[in-house]
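Taking it in order: structure first as structure tokens, then the write-up.
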Ligand SMILES: C[S@@+](CC[C@H](N)C(=O)[O-])C[C@H]1O[C@@H](n2cnc3c(N)ncnc32)[C@H](O)[C@@H]1O
């Protein structure tokens, strides 16, 4: 495979679910270059949903990709789950996974069950998640009605999760703010937003493709969510809590990463 230097975006180049999973979700430790980023996110989602800290009837995951580990953590505490993504290939992949044709991320789900001290085994937790997934729909978080397909058009959710999506969906900080507003329109007042992403990053790689990321700092992020009507309940960053990643930039050039739990203000 020749080296690819051009940066592209998700609108122009179709996402390859199999390559993404094999590059980033084969093991919890992942590639040395990526440091503890996956563990940081997995621990974050586990902690956020542990013991029913966030519960509700309906949960939406935005930009699920082919990797449903985020709703896996939330599933015990919600009745109905909607997965969503921009890429048709990811939606097809998720449907195959739900139908049992595809089985992936075994070590990731096992790690989540282990750190959760769950009384259910991984298989039971996966069955529960699949049973609760009521829709797998197309989403474009940059649009004012991001999930417009039946049966979720017009639904307002009790909680929204999203991992590594908004910063690749947006092309600049103004766009990012619009995406936050679009996302917020799907969340009921008082509802929780559980979000993680890269900080100070300009790209990430899937196979030979390098997708653009918007460069955003922790302070900018905090400022945006507060101005857009969220109360930030916690905002952790990778470098404060885990070993910093090495200085190589084959997979991505992120300098840091964040994990945030926020609540949409009532007024
Ligand atoms: C880096 S992947 C993250 C996938 C998964 N959430 C994870 O944490 O591994 C980014 C995902 O965002 C999706 N995406 C890109 N632009 C989007 C948009 N405008 N609206 C919704 N999803 C988008 C991509 O299709 C891709 O699945």
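Regarding the chain, what are the three Cα extents along the principal axes, ordered largest first, in Å?
Result, largest extent first: 46, 41, 36 Å.
Within 10 Å of each residue's Cβ, count the other Cβ atoms and sort 252, 84 from fewest upward.
Starting with the residue having the fewest Cβ neighbours, the order is 252, 84.
Could you tell me the relative contact order of the range 13-82? Use alpha-carbon pairs under 8 Å, at least six residues apart, and round to a whole percent.
It comes to 29 percent, rounded to a whole number.
Would you please give the FRET efficiency between residue 11 and residue 118, computed as 1/(1 + (r/R0)^6) with r the Cβ-Cβ distance and R0 = 45 Å, to the nearest 0.05?
In this case the efficiency is close to 0.75.
Using the 10 angstrom Cβ neighbour count as an exposure proxy, how do 67, 55 rank, fewest first?
Fewest-to-most ranking of 67, 55: 55, 67.
Under 8 Å for C-alpha pairs, at least 6 residues apart: give me the relative contact order for the chain, rounded to a whole percent.
23 percent
Please work out how much length the chain gains when fully extended from residue 143 to residue 55, using 0.36 nm per residue of separation minus the C-alpha to C-alpha distance, in nm with one decimal.
29.0 nm
Of all alpha-carbon pairs in the range 181-267, indicate the percentage at a distance above 18 angstrom.
In whole percent, the long-distance tail amounts to 50.
Using the 10 angstrom Cβ neighbour count as an exposure proxy, how do 15, 49 rank, fewest first?
15, 49
Coordinate-derived values only; no laboratory data. Not measured: the values here are computed from a predicted model. Backbone-built Cβ (ideal geometry, glycine too); neighbour counts: all protein chains shown.
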